[in-house]
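Trainee: Shown below is the structure under consideration.
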Number of protein chains: 4
Amino acid sequence: MTYSVAVSGASGYAGGEILRLLASHPDVEIRTVTAHSNAGQKLSEHQPHLRSLAHLTLQDTTPEILAGHDIVFLALPHGQSGQYTDALGDVPLVIDAGADHRLTSPSAWDSFYGGAFHEPWAYGVPELLVGGAKQREHLRGATRIAAPGCNASTVSLSLVPGVAAGVIDPSDIVTVLAVGPSGAGKSLKPHLLGSEILGSANPYAVGGTHRHIPEIRQALAAASGPSTGSGTVDPDGIRISFTPVIVPMARGILATSTAPIAPGATDAQIRDAWQAAYGDETFVQLLPEGSVPRTADVLGANTALIGLAIDRAANRVVVVTAVDNLVKGTAGAAIQSMNLALGLTETTALSINGVAP
Amino acid sequence: MTYSVAVSGASGYAGGEILRLLASHPDVEIRTVTAHSNAGQKLSEHQPHLRSLAHLTLQDTTPEILAGHDIVFLALPHGQSGQYTDALGDVPLVIDAGADHRLTSPSAWDSFYGGAFHEPWAYGVPELLVGGAKQREHLRGATRIAAPGCNASTVSLSLVPGVAAGVIDPSDIVTVLAVGPSGAGKSLKPHLLGSEILGSANPYAVGGTHRHIPEIRQALAAASGPSTGSGTVDPDGIRISFTPVIVPMARGILATSTAPIAPGATDAQIRDAWQAAYGDETFVQLLPEGSVPRTADVLGANTALIGLAIDRAANRVVVVTAVDNLVKGTAGAAIQSMNLALGLTETTALSINGVAP
Amino acid sequence: MTYSVAVSGASGYAGGEILRLLASHPDVEIRTVTAHSNAGQKLSEHQPHLRSLAHLTLQDTTPEILAGHDIVFLALPHGQSGQYTDALGDVPLVIDAGADHRLTSPSAWDSFYGGAFHEPWAYGVPELLVGGAKQREHLRGATRIAAPGCNASTVSLSLVPGVAAGVIDPSDIVTVLAVGPSGAGKSLKPHLLGSEILGSANPYAVGGTHRHIPEIRQALAAASGPSTGSGTVDPDGIRISFTPVIVPMARGILATSTAPIAPGATDAQIRDAWQAAYGDETFVQLLPEGSVPRTADVLGANTALIGLAIDRAANRVVVVTAVDNLVKGTAGAAIQSMNLALGLTETTALSINGVAP
Amino acid sequence: MTYSVAVSGASGYAGGEILRLLASHPDVEIRTVTAHSNAGQKLSEHQPHLRSLAHLTLQDTTPEILAGHDIVFLALPHGQSGQYTDALGDVPLVIDAGADHRLTSPSAWDSFYGGAFHEPWAYGVPELLVGGAKQREHLRGATRIAAPGCNASTVSLSLVPGVAAGVIDPSDIVTVLAVGPSGAGKSLKPHLLGSEILGSANPYAVGGTHRHIPEIRQALAAASGPSTGSGTVDPDGIRISFTPVIVPMARGILATSTAPIAPGATDAQIRDAWQAAYGDETFVQLLPEGSVPRTADVLGANTALIGLAIDRAANRVVVVTAVDNLVKGTAGAAIQSMNLALGLTETTALSINGVAP
């Protein structure tokens, strides 16, 4: 069958990328695209690269217009998705690219976002280890899915195998991310102007204020479980120093994440933890020893490439992960989760190869 | 008086930047420029931006040609400066932009560089705390000076105040640097091609292999002393996880350096450590609380801008420092040190303002 | 059936892009990849973004290794393809991404390339008007195909409709192109280093020396014919001022091409010329009046987007065309031509939508 | 003496660059900085690279606050400067970086800008040939100066020597410019966002609508005169096809300007025209035959570098000129003109050397 789809926030970067991927998906029909302030305009004015969808016109984002489709994607600023929950009650599958349904902890939501707390939905990172199994299992047949935060899923995928296997210590994680400005959306803010970003590395949210921190802590806490033999991890024992730096590339996340080596962990045990977690995965790949990834290698692809180094002098495992923030970090994760929810082949419409150079 | 100057390695990036700064220095005459493989060619073929020096022709790099000047700058690959030491014995002031005379430890040299060890020269970072005083005092009247490694001096300037004051724990430092490719020099290597670097974040030397690590450890060990009341720091107790990432900007270093907060250190004590160290400095500035620097703000300038955040949830101090790798990181440090050595005004020919946007 | 394929020059940019597109082609099997100096190494060392082909190992580029496949792609420096012509006589389909088989004029070859002249093959730009028909017709069932020069095909597609319709005067064409450095290949030359290209616009081959000039003149001369009613164009009457400028983007060509308005041509006639030529095309699209394309809109896509403006004050038609030099300019043109030669659906394995932002 | 200075529009790019240059000028004191919407904020919040001016606070832009200085710089959007003319009647020197006082033709103003026409002021491009002399002579002792449009002055400097000498035909000029986005100012517009500009070449104002066109025509018409022997040029006989393309560099203009070779002009005559015009200039330099400039070579400098090629096959002179739009294109031109107006050394506070790589 062909599923009818509506995409809200279709004039933005996340919405645009969802549309780009859906445009090559054989099982969906993009019936409706919406955008609040740009309603009535041609999609092509805002997404001129989506030539195959140039015939579409943006409608207003309202529950009435979104309802009546088989699948609805919400690509709205956080705090706005929640209001559609009830109104879209009859829609078989709703996927939210915003933050409203990611966190399980009301207090974490309150500390980092504020405003009304919404119930958590199935978290859209299929390859994450959760209690010894894969998150994929929670996505099969799901009807409500929360796509991940791009930085959060990148760091979580980087470290969860080591935490689950007990070979790294999650109490003193340090992660620094080189990120492209598209992760901040199409917001008209002075610090996102091209003149400010070209030729410069610009940090922001320094010192523990970034909203993706609780999302990472939640994923790491959920990593382990009975089957790993390492017991559950105390969320309060997970500490993360998190610093994002905007660099002059439109897309991409290069996350350098380090954690202390757990006492007694051997090099083989450490490497095996990641190999075991991702050895069978298509979209999350551990590179050979000595190799590190570049963001160009995953541009446009749904692939996370992981380089792993063990620095005994510093007593730290260093995990360098490259992701396209708009694909594996957002829209690709959403489509991959959609495929799982619908029982389709998981890799449909998703590329494993990047566009480089 | 006017000092006669020779600059070797004049066709490279470090040599070119030394020339750019010297070109506006009122007390020097650039008499000789040398470059091994490009000897005989016009300087302007290799440094077309140095319009005021377009009349110069590159000579061969030999001791005979370099001798007979008041000041000689060596901007050569590591391992090549050492051979000029004896031959330039009569030159009043020699400044080496290479690594050969930076390290005091033969074993550290052997581990990270290899080849013949050379005696250490006065280290060219005037603002560094050394034993409770400033490195500046060791540069006044110096005759042999080792300009710093760009990444090393950036990280050292970032952390030395906290180590000297005993408010951070140097045993578990993590630093990740976004760096421009000019730091790697004008080497014809595939990974330095524009097509590889544009639009991508590319890590290298991951896992503790970068040659600037021992230089940082040396600076941090020397930081403290009797006058600080914190006693000396055991070099073996200094551990650094160090990861550089090449990002698409020609110049610049944005170093994010974190270290655990020392037990009992208050926020005021922490901030005071940096304020006390740099409050009177022209070229190293602590930004107001809540501000972080961008590399664009120091482009072309001899300025290091430092943003400081205290992340109690992660139990880490986060120091974000922006530097122009070719100026404050290399050539500016060399000229500033030259000024000190000659008894000139320290800031001569050095800009505090960056070229932005 | 599944066609077996060999790709030479597989460690370079053109070869890599051919592989990226073939990797998603349902009708081919990539059996052999070759590269002269890198033979014996894993493909993934040179093309780390091609994750689905990471199992392949580069072999030497020899006629023996290339022979025995259904399709051979030659992605070699000009002057090197010619020698394989005879040796690959039994290969059903050979596609050359180099220049050796593009020009029909031995004297043009001699003036701009030199060395042995090779017979012209079917020119791989399906949408070009040739004598009132489309070049596509010459590619159906072809066994030897010359993929175009990226700049040449971009400019030819820009202007051919106007020349064929007689609404512009080809005797005084001026074209200036903003191009990414990947068009120059993975050559280790100082002017292609990232440090030289970042933050700078760098012209080259100024003053009429670029090798793509005769290729454009050839296409424009062939544009018209009996069916257009405009008669044939005298090749000697075609004059082109051609200036490429390397700008800091890995891929892309933005060609601004202007030509005098032919006496008496109305705005409607002018616009109709392009509309008639491309109105039914998938991969070459004329944008609505007032719209201009950006290279980001075609990144990774086989699409040429054309913006057309009529400047009566300057008496010139201005055609701005955006192309991904590695796709529509090279590898995509090759695959599209391959599809035509084999009788497959012309658009197979080729994207119309760009990857943006 | 020390001149007191007020700079309006101090939070923008033009204002910021005026301040950067003035900060190293020995004869001025920056007393007042103003910015309408940001009044009351620290200058450092908007110009964090101007460390030596970090103590300044932005005041409101009003005639009262600007009056009472020796020199006032207006860096305001066009249409806003005019209202200050009367109010600043007692200020000895006013320099407008906006467009209000550039054009001498009310009808040209009306066609391209609209709104009230203001009297033309002395045009701030000292090296321009005007009636056989240099514009410099009109700036000595001037009290009201209009700094040029960045694109306009770049193209005018490129072509005026050839027009004045009668070796090129101004009736069919074609110019295409690669420009950095800072030329568009700090405007919050979607097409100026970093995500839109990174990795892309984006044309705008295609087809003859750019506001700098009449400014170029005016300069070319004024180029010749009795002393050149070529007679005056009819303004209506000057036709320019003008296309700017935003490319991913924060600053810089690379203008490729072509014009037909005048009948009978020899190569020597052509080259001599530019050599004679600029051979004695410091800031406008003709490169040796075969050399072309790059924008990186003039970054931060007040230098215009010109490469000249004669393409006999295309019958066109090609002039490629590199300029830093914020320096020679705007703020440097303003300071150079100020120096002339005040009788100071013309080169004070202006660099001839660029910051590269």
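The values are calculated or read from the model by the stated rules, or taken from the named source; none is laboratory data. The structure displayed is predicted, hence computed values, not measured ones. Glycine also receives a Cβ, built like all others from the backbone with ideal geometry; neighbour counts cover every protein chain displayed.
Trainee: Right, residue B:330: β-branched (Val, Ile, Thr), surrounded by 24 or more Cβ atoms within 10 Å (Cβ to Cβ) and within 27 Å of residue B:122 (Cβ to Cβ) or not? So that I can check it myself, show each step before the final result.
Mentor: Details: β-branched (Val, Ile, Thr): yes; surrounded by 24 or more Cβ atoms within 10 Å (Cβ to Cβ): yes; within 27 Å of residue B:122 (Cβ to Cβ): yes.
Judged against the criteria, residue B:330 is a match.
Trainee: A follow-up question, please. Could you tell me how many of the residues in region D:315-327 are surrounded by 24 or more Cβ atoms within 10 Å (Cβ to Cβ) and either under 19 Å from residue D:160 (Cβ atoms) or over 11 Å from the mean Cα position of the chain (by Cα) (or both)?
Mentor: Qualifying residue count for the region: 9.
Trainee: Additional query: Sort through A:141, A:162 and tell me the only one that's away from chain D (no Cβ under 14 Å), surrounded by fewer than 22 Cβ atoms within 10 Å (Cβ to Cβ) and either not aliphatic (A, V, I, L, M) or not in a loop (DSSP other than H, G, I, E, B) (or both).
Mentor: Checking each option against the conditions leaves just A:141.
Trainee: Let me ask another. Of these, B:108, B:75, B:99, B:67, which one is surrounded by fewer than 23 Cβ atoms within 10 Å (Cβ to Cβ) and under 21 Å from residue B:8 (Cβ atoms)?
Mentor: From the options B:108, B:75, B:99, B:67, the qualifying one is B:67.
Trainee: Restricting attention to region D:114-126, does a residue exist that is farther than 15 Å from residue D:220 by Cα, surrounded by 24 or more Cβ atoms within 10 Å (Cβ to Cβ) and modelled with pLDDT under 95?
Mentor: There is no residue in region D:114-126 that is farther than 15 Å from residue D:220 by Cα, surrounded by 24 or more Cβ atoms within 10 Å (Cβ to Cβ) and modelled with pLDDT under 95.
Trainee: Taking the stated definitions as given, is residue B:200 surrounded by fewer than 24 Cβ atoms within 10 Å (Cβ to Cβ) and either in contact (Cβ under 8 Å) with a residue 12 or more places away in the chain or in the same structural domain as residue B:318 (by TED's automatic domain parsing) (or both)? Full working, then the answer.
Mentor: Details: surrounded by fewer than 24 Cβ atoms within 10 Å (Cβ to Cβ): no; either in contact (Cβ under 8 Å) with a residue 12 or more places away in the chain or in the same structural domain as residue B:318 (by TED's automatic domain parsing) (or both): yes.
When the stated conditions are applied, residue B:200 does not pass them.
Trainee: Return a yes/no flag: does region C:321-335 have any residue that is within 28 Å of residue C:144 (Cβ to Cβ) and free of Cβ contacts under 8 Å to residues at least 24 places away in the same chain. Give the derivation first.
Mentor: Step one: filter region C:321-335 for residues within 28 Å of residue C:144 (Cβ to Cβ), giving C:321, C:323-335.
Still in the list and also free of Cβ contacts under 8 Å to residues at least 24 places away in the same chain: none.
There is no residue in region C:321-335 that is within 28 Å of residue C:144 (Cβ to Cβ) and free of Cβ contacts under 8 Å to residues at least 24 places away in the same chain.
Trainee: Looking at residue C:348, is it over 13 Å from the mean Cα position of the chain (by Cα) and of a type in the set (Ser, Thr, Tyr)? Walk me through it before giving the result.
Mentor: Values: over 13 Å from the mean Cα position of the chain (by Cα): yes; of a type in the set (Ser, Thr, Tyr): yes.
Yes; evaluated as a whole, the condition is true for this residue.
Rundown of residues vs (1) within 14 Å of chain B (Cβ to nearest Cβ); (2) closer than 22 Å to residue D:184 by Cβ, yes/no style:
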{"residue": "D:19", "(1), (2)": "yes, yes"}
{"residue": "D:22", "(1), (2)": "yes, no"}
{"residue": "D:36", "(1), (2)": "no, yes"}
{"residue": "D:62", "(1), (2)": "no, no"}
{"residue": "D:75", "(1), (2)": "no, yes"}
{"residue": "D:82", "(1), (2)": "no, yes"}
{"residue": "D:87", "(1), (2)": "no, no"}
{"residue": "D:93", "(1), (2)": "no, no"}
{"residue": "D:97", "(1), (2)": "no, yes"}
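Trainee: Turning to a different aspect of this structure: Assuming residue C:257 fulfils every condition listed in (1) over 27 Å from residue C:334 (Cβ atoms); (2) part of a strand (DSSP E or B); (3) more than 9 Å from every other protein chain (Cβ to nearest Cβ) apart from one, which condition is it?
Mentor: All conditions pass for residue C:257, except number (1).
Trainee: Examine region A:3-13 for a residue that is under 21 Å from residue C:288 (Cβ atoms), surrounded by 17 or more Cβ atoms within 10 Å (Cβ to Cβ) and among the hydrophobic types (A, V, I, L, M, F, W, C), and state whether such a residue exists. If you could, list the steps in order and put the result at the bottom.
Mentor: So the first thing to find is which residues in region A:3-13 are under 21 Å from residue C:288 (Cβ atoms), and the list is A:10-11.
If we keep only those that are surrounded by 17 or more Cβ atoms within 10 Å (Cβ to Cβ) too, we end up with A:10-11.
Cutting the leftovers down to among the hydrophobic types (A, V, I, L, M, F, W, C) gives us A:10.
Yes: one or more hits.
Trainee: Moving on. Confirm whether residue B:244 is over 20 Å from the mean Cα position of the chain (by Cα), outside any loop (DSSP other than H, G, I, E, B) and touching a residue at least 40 places away in the same chain (Cβ under 8 Å).
Mentor: So residue B:244 fails the test.
Trainee: For region D:184-207, how many residues meet the condition of being closer than 15 Å to residue D:249 by Cα and more than 7 Å from chain C (Cβ to nearest Cβ)?
Mentor: The first filter runs over region D:184-207 and keeps only residues closer than 15 Å to residue D:249 by Cα, leaving D:184-186, D:191-203.
Subsequent filtering for residues that are more than 7 Å from chain C (Cβ to nearest Cβ) retains D:184-186, D:191-194, D:197-198.
Residues flagged as closer than 15 Å to residue D:249 by Cα and more than 7 Å from chain C (Cβ to nearest Cβ) within region D:184-207 amount to 9.
Trainee: Let me ask another. For region C:289-306, indicate whether the set of residues that are within 16 Å of residue D:204 (Cβ to Cβ), crowded, with 24+ Cβ neighbours inside 10 Å, more than 8 Å from every other protein chain (Cβ to nearest Cβ) and hydroxyl-bearing (Ser, Thr, Tyr) is non-empty.
Mentor: No, there is no match, as no residue in region C:289-306 is within 16 Å of residue D:204 (Cβ to Cβ), crowded, with 24+ Cβ neighbours inside 10 Å, more than 8 Å from every other protein chain (Cβ to nearest Cβ) and hydroxyl-bearing (Ser, Thr, Tyr).
Trainee: Let me ask something else about it. State all residues of region D:165-184 that are assigned to a helix (DSSP H, G or I) and not small (Gly, Ala, Ser); if no residue qualifies, say none.
Mentor: D:170, D:172, D:181, listed by residue number.
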